[in-house]
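Beneath this line is the structure, given in structure tokens, with notes to follow.
The values are calculated or read from the model by the stated rules, or taken from the named source; none is laboratory data. Note that the coordinates shown come from a computational prediction; the quantities given were computed from them, not determined experimentally. Note: ideal-geometry Cβ built from the backbone for every residue, glycine included; neighbour counts use all protein chains shown. The protein model used for the area step is the full one, side chains on, heavy atoms only, and it has no ligands, DNA or RNA in it. Shrake-Rupley method; radii C 1.70, N 1.55, O 1.52, S 1.80 Å.
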Amino acid sequence: MRSVQISLRQVAERAGVSDATVSRVLNNANVRIAEETRRRITSIAKEMGYQPNRAARALATGRTQTIAFWSANLRSQYYTQLISLSREEIVKHDYDLMIGTTNDAVDGVLDTSKLMSWPVDAFLTVDLPRAVIPGLSASLLWGKPFVNMGGYVYTDVDYVRLDFSRQSLVAAKHLVEVGCKRVAYLVPDWFDWYRSIDDDRLHGYELAMADAGRQPEFILTSNELRSTVDGALKPYILKNGAPDGLFCYNDDMAIGAYRALRDLGLRIPEDVALVGCDGIEDTEYLDPPITTIIAPFHEMCATAWSLLEKRIHDPSISLQQVSLEARFCIRGSSIR
């Protein structure tokens, strides 16, 4: 049996007030209405099972109560966790989340045309490709608030930046300190970009090797996914022997390396001490669990929403920029 849609007018008749008053209360319009009236209307609407019409509310308030979440990568648990935690923050404030992926930049310009076709109130982004974003100025994208977060951010707009610099140095030094003679870095072959932005992880690894008087050793993959590690790591080890310490660009690659090393009959950590980066939950459930650099996921998402909410309420506020430091967590994969 099809449920009956309760109208705003029915709520108004039951409450003994005008349609306009009900609309203002249920759409949180910034108008003066007696608190007792607000409570009565809200209670009646809930009792009757009233569901707001989003299109009508958008026309009445000029807002859709929807935030666009953009990322260039939705493939790993790292981004899944950011989406989940961001949504938790956003729904607390009566907003919904629309998730989309951005295409790679063409001729140095990010194509956001499909994403911009959806009516949203603001944009929350993570690790977007380095490119020009048409319409982005003063933390507004075509007039709508824009906040970016993650390890890679646009530095001339509002951001919450995840700082891996010090902990990457600590992680690489840890491998030296536990007795590793060859500490290799398993990393995507994106060195032109890494050098251009002075990437935290690459910089920390190279600095640790310089401090220890070691030559950097790179094992290169085509991308950052765990599925690409096997095809790069196994041939490298068969040709060059296994490094006894392996620092991985992210946890997905560390998990891929874990499987490849085991397939080759190598023990973790006895033969190869292993360290990842990001702190995704999967790393805790292996035997031994993987040492990693843990991102402050909850704090990053809560802070990003806080900055976005302030920008929504006042688009003219000063630039908001926050850096959060990751935390190094030593586990069984690198303890000797």
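Worth a mention:
- If you go through region 148-158 and keep only what is of a type in the set (A, V, I, L, M) and outside any strand (DSSP E or B), you end up with Val153, Val157.
- Which numbered condition Leu220 misses (of (1) buried (at least 21 other Cβ atoms within 10 Å of the Cβ); (2) among the aliphatic types (A, V, I, L, M); (3) touching an Asp or Glu at 6+ places or on another chain (Cβ under 6 Å)): (1)
- Listed by first and then second residue, the pairs linking a residue in region 111-136 that is open to solvent by 60 Å² or more (accessible area, probe 1.4 Å) to a residue that is assigned to a strand (DSSP E or B), with Cβ atoms under 9 Å apart and 6 or more places separating them unless they lie on different chains, are Lys114/Gly100; Trp118/Thr66; Trp118/Ala68; Trp118/Met98; Trp118/Gly100; Pro119/Thr66; Val132/Val109.
- Summed over region 153-193, residues that are closer than 25 Å to Ser76 by Cβ, without any contact (Cβ under 8 Å) to a residue 60 or more places away in the chain and surrounded by fewer than 20 Cβ atoms within 10 Å (Cβ to Cβ) total 6.
- Only residues that are open to solvent by less than 50 Å² (accessible area, probe 1.4 Å) and either within 26 Å of Leu225 (Cβ to Cβ) or among the hydrophobic types (A, V, I, L, M, F, W, C) (or both) were counted across region 82-96, and they come to 5.
- Residues in region 310-336 that are in contact (Cβ under 8 Å) with a residue 12 or more places away in the chain, more than 17 Å from the chain's Cα centre (by Cα) and open to solvent by 50 Å² or more (accessible area, probe 1.4 Å): 5 in all.
- For the condition of a type outside the set (Lys, Arg) and part of a strand (DSSP E or B), Pro134 does not qualify.
- Residue in region 210-217 that is crowded, with 17+ Cβ neighbours inside 10 Å and among the hydrophobic types (A, V, I, L, M, F, W, C) present: no
- Note on region 228-248: residues that are open to solvent by 10 Å² or more (accessible area, probe 1.4 Å) and either more than 32 Å from the chain's Cα centre (by Cα) or within 20 Å of Val178 (Cβ to Cβ) (or both) amount to 8.
- Extreme residue, surrounded by the fewest Cβ atoms within 10 Å (Cβ to Cβ), among residues of region 259-293 that are of a type in the set (Gly, Ala, Ser) and at negative phi: Ala260
- Listed by first and then second residue, the pairs linking a residue in region 73-86 that is modelled with pLDDT of 90 or more to a residue that is aromatic (Phe, Trp, Tyr), with Cβ atoms under 7 Å apart and 6 or more places separating them unless they lie on different chains, are Gln81/Phe297; Leu82/Phe297; Ile83/Phe69; Leu85/Phe297; Ser86/Phe69; Ser86/Trp305.
- Residue in region 99-106 that is acidic (Asp, Glu), more than 21 Å from Ser196 (Cα to Cα), out of contact with any strand residue (DSSP E or B) (no Cβ under 9 Å at 6 or more places or on another chain) and surrounded by fewer than 18 Cβ atoms within 10 Å (Cβ to Cβ) present: no
- Summed over region 87-123, residues that are β-branched (Val, Ile, Thr), modelled with pLDDT under 85, closer than 26 Å to Phe297 by Cβ and over 17 Å from the mean Cα position of the chain (by Cα) total 1.
- Qualifying positions in region 295-305 - closer than 16 Å to Tyr79 by Cβ and either open to solvent by 10 Å² or more (accessible area, probe 1.4 Å) or assigned to a helix (DSSP H, G or I) (or both): Pro296, Phe297, His298, Met300, Cys301, Ala304
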